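K.L.:
Here you go, one structure.
Rule-based calculations on the coordinates, nothing more; no lab input. Not measured: the values here are computed from a predicted model. Cβ atoms come from the backbone with ideal geometry, glycine included; neighbour counts cover every protein chain shown.
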């Protein structure tokens with residue numbers, strides 16, 4: 001039986017160590033290395049060429065799905081599998097278009113992850129049941145999916161910029177990650193505001209959360225939970241509520257189908 005080599009990319013060291021320990025319990029898998037960020041993977045001269053790159057798409061240091069294209073370019077012999085908590089249908093479609101070989105949710109059982117790795121190593125794509133079920137449902141019931149608005153579909157670069165904005169990056173820090181100028185990032189920011197019909201960074205952050213590009217910050221959850229118990233939370237919570245109310249209705253917002 002051929003050993004399957006895996007390279008891990010995740011920002012949480014304990015998670016990486018746990019996955020590595022699980023995979024190396026037997027003789028089927030070997031962990032060739034682990035890195036914290038997508039940027040580390042793409043810039044390190046010592047990164048080995050694994051059979052599979054297993055990564056969370058929310059890793060820091062590079063913007064969104066662009067990392068998949070860059071990994072495919074640098075490691076053309078390697079498969080790329082996402083192990084992530086993001087399950088939004090639009091994001092799954094975008095990841096498939098970007099060329100991923102597998103999409104596994106972080107709440108999957110160890111047996112499912114191993115089966116997914118075997119499938120990818122054998123040249124077959126694997127999607128977690130919850131993810132594939134959602135895609136099948138949208139195919140069977142297209143009337144439940146908003147019609148494509150060709151002028152309002154976000155590109156992978158726009159998704160990446162939106163993710164970085166939602167993560168709190170400044171134009172300068174986002175520009176360093178994307179290897180572009182701060183003026184270019186500002187241009188993307190303006191285009192996103194116009195394309196999505198939004199007004200400010202708060203609304204862009206809410207849009208990114210709604211699209212599954214970033215997880216809902218715990219700080220926002222705490223502030224919203226304090227609405228009835230603490231007056232200090234009211235101004236900020238009110239701003240969030242106002243921004244949510246100003247966003248276009250669901251049937252008018254673009255659906256990022258790819």
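K.L.:
Would you mind ranking 83, 206 so that the residue whose beta carbon has the fewest other beta carbons within 10 Å leads the list?
P.N.:
206, 83
K.L.:
In 10 Å bins starting at zero, report the fraction of Cα pairs in region 4-140 per bin as a rounded %.
P.N.:
The percentages, shortest bin first, are 12, 48, 34, 6, 0.
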